[in-house]
1. Would you mind pulling out the separation of the Cα centroids of the range 98-172 and the range 600-665, in Å?
2. Pairs to check: K361/K475; K578/K645; K153/K475; K226/K460; K586/K606; K320/K361. Give those whose C-alpha atoms are more than 23 Å from each other in this structure.
3. Give the lysines reachable from K679 as a straight Cα distance under 25 Å; neighbours fewer than 8 places away on the same chain don't count.
4. Could you work out how much longer the chain between T539 and T61 gets when fully extended? Use 0.36 nm per residue separation minus the Cα distance between them, nm to one decimal.
5. Which residues does the label zone of Y86 cover in the range 664-683, counting backbone N under 15 Å from a point 7 Å along Cα→Cβ?
6. Label-point separation (nm) for Q672 and K323, each offset 7 Å from Cα along Cα-to-Cβ?
7. For K585 and E274, FRET efficiency with R0 = 45 Å and r from the beta-carbon atoms, rounded to 0.05?
8. Could you sort the peptides 298-306, 474-482 by per-residue average Cβ neighbour count (10 Å cutoff), highest mean leading?
Amino acid sequence: MKKVFAIMAFAALMLPATISHAQQDPVIFEVNGQKILKSEFMKEFLRSQGKSEKDAPTPCTYEKRQALEEYVDLFVNYRTKLADAYAMGLDTMQALNKELKMYRDELAAPYLIDSATMENILREAYERNHYAVHASHILIRVGAGDSAEDTLKAYNKAMDYYQRAVNGEDFTKLAQQSIDEQREKVAGERFQIDPNAGDLGCFTVFDMLYPFENAAYTTEPGTVSKPVRSRYGYHVVKVHERVPYYGNVKLSHIWVRDDQNPGRAEARINMAYEGLESGKTFIDMARQHSDDMNTNQGGGFMGELELKQLPPDYVVQLSKGLKAGEYSKPFKTKYGWHIIKVVSREEIPSYEEMVSIYKQKLSRDQRSKDPRAIYAANAKKRYNFEDLTTTYALNKKGKPTKNTLASLDQLKSLITDSVFYKRWTFDSTQITDLRPIMRLAGKEYTQVDLGKYIEMRQTKELRYDLPMYVQYKYKDYADEVAIEYANSHLEEENADFANLIEEYRHGMMIFSYNELMIWGKAIKDSVGFAQFYERQSKTKSLDNADDAPFFWNLRARVKTIDVDADAAAMLPQDKALKIVNKSIKKNWSSQKLESELAGKGTAKAKIDLKVVEQGKQSLLGDNEWKEGVIVHPSDKGYSIVVVEKIMEPDLKNLTEARGYYMNEYQNEIERQLNQSLRKKYNVKIHQDVVDGITY
């Protein structure tokens, strides 16, 4: 009886705390009997809003309330789909778990390094990411398997080039000389020729091997680094410029060549610039003046470009802070004259947003070695590592055994020079000394384990003292064992990592579920899709901006006749116009028109038939959308555009708008599925808890 009263008294004492906790973290949803706490929901919701749980709430607005209500629906739909995915056994799919293991190995890598060292590396990467470096290099090739003598020769050669560059010799000529010398040295073998004589253009963090990147970012612009070693050999790096970098851009440009008449080229670029300053469009100026045949008809648009795709001179112009919509003044390069316009540009996200990207890149980058070694040392301490080649093994009473120190001698006697050429074969039967050489977390490892590790991990490298080689590999193996053991217990010891893996698992399950129950079902149901189109197409209206993708804009069927500068000299514009007008009256075919324009074969005109859509083309100006003949002159000849027919805006058929209707059909299937899942899993939303949320 006393025990009962004691339990009741304890429960009474605990009741206020329990109620208080429930009030602080109440149940917000119930899915299939599973209670989901407000804290779990808020963690995901705030993350979707770019906020932290530590941020103080701000005044409520209609927009904030709407965002919350929308996320409530999304979250409930997600949890019911996840419940159904588990019920269907998607978590046991072999393909899913195989893919998850692949992701796990990549995701684990950043967790298996020292966090303080990692933080320094990440901060360094973020700082460097804000700068672009333009550099050239002289590469003296030497491989991992080359002899010590050849390596020394390569280093001395690199030092010679370094000294000559420091003394003022032209770096480009030195780079070309090194290329020529090395090509002669390997005559008859494949040799990759560098067409830019060592000029690497512009790059930023992670674009180059880490030793090279370090040299580039720590060498002052205009100076040369001492030789730095990478897996390709020794590099002497000259840094031309280091300028601010803001992220990838979409560019348009006007490029005027000056290889034939420099004075005329400068006059043309100035005409283009004056046109821009007077209010003419960049598209028109590019069409009239640009010599870039790949982009001029598209108004000079170059597309979205990464840093390494940009000419260094363009990067320098961008570093001056050109914003979207702005264009540069004319500038000269070795290729001619240029004007660039920024169509749009990215901004480098915050450090916090970039960390996950950097960690993924670090898994394949040399700079991760130092943090990994420090992590291994800490893991050895954490899991009671014992090096039994330097410490006597202890017996069960904690006293040293009578045995001598464990030895690596038998393995050292078996190693041959073939290990430096990846040809060594390990015969484990030759090992008779099976005493443990190390112990970690209670598990013992012998020379047999080390021998198998060496055989599996051997690489081509410089030959050195064989006993020392085994000693180094023993150290590497001990680190590997400690890290692998930590890796196998990562989910148990690191809640953040466990949550990350669970997020990936759930994400992959939801993807497979959607593919099976929504996307794939919509694609296979051709009858249902056709019926959906018949219903939905009748609801579309030109007056509704949201329906714009389902309609064609104003369209024109056009025939373009392009006459280049050489042909224009033999086929004057007025003569070509007469022939074109005659072809319209007599309804000639394109082949007949081309033949008439060619005359006796002295002039060539390129004829093209196409349909263009207003707002999605650059061929017709705003006032040219009418039937007739239009001439577009340029410095490179002229173009004649025959507008044959104007087609009014019209509803696209199922084939033309299939993607848009398919998206709507999939959305309808998903809406119906979500409704049925809520009933199936007896979803309860505690609206009073939702209404009480502030953020």
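The values are calculated or read from the model by the stated rules, or taken from the named source; none is laboratory data. The structure presented is a predicted model; accordingly, all values stated were derived computationally and were not measured. Note that each Cβ is placed from the backbone with ideal geometry, even for glycine, and that neighbours are counted across all protein chains shown. In case anyone asks, the SASA skips ligands and DNA or RNA and just uses the protein heavy atoms, side chains included. Shrake-Rupley method; radii C 1.70, N 1.55, O 1.52, S 1.80 Å.
1. Measuring centre to centre over Cα atoms gives 51 Å.
2. The pairs that break the limit, which is 23 Å between Cα atoms, are K361/K475; K153/K475; K226/K460; K320/K361.
3. K35, K38, K81, K521
4. Extra length available between T539 and T61 comes to 168.8 nm.
5. Within reach of a label on Y86, which here means backbone N under 15 Å from a point 7 Å along Cα→Cβ, the range 664-683 contributes 681-683.
6. 5.0
7. Here the calculated transfer efficiency is 0.65.
8. Most protected by this proxy first, the peptides run 474-482, 298-306.
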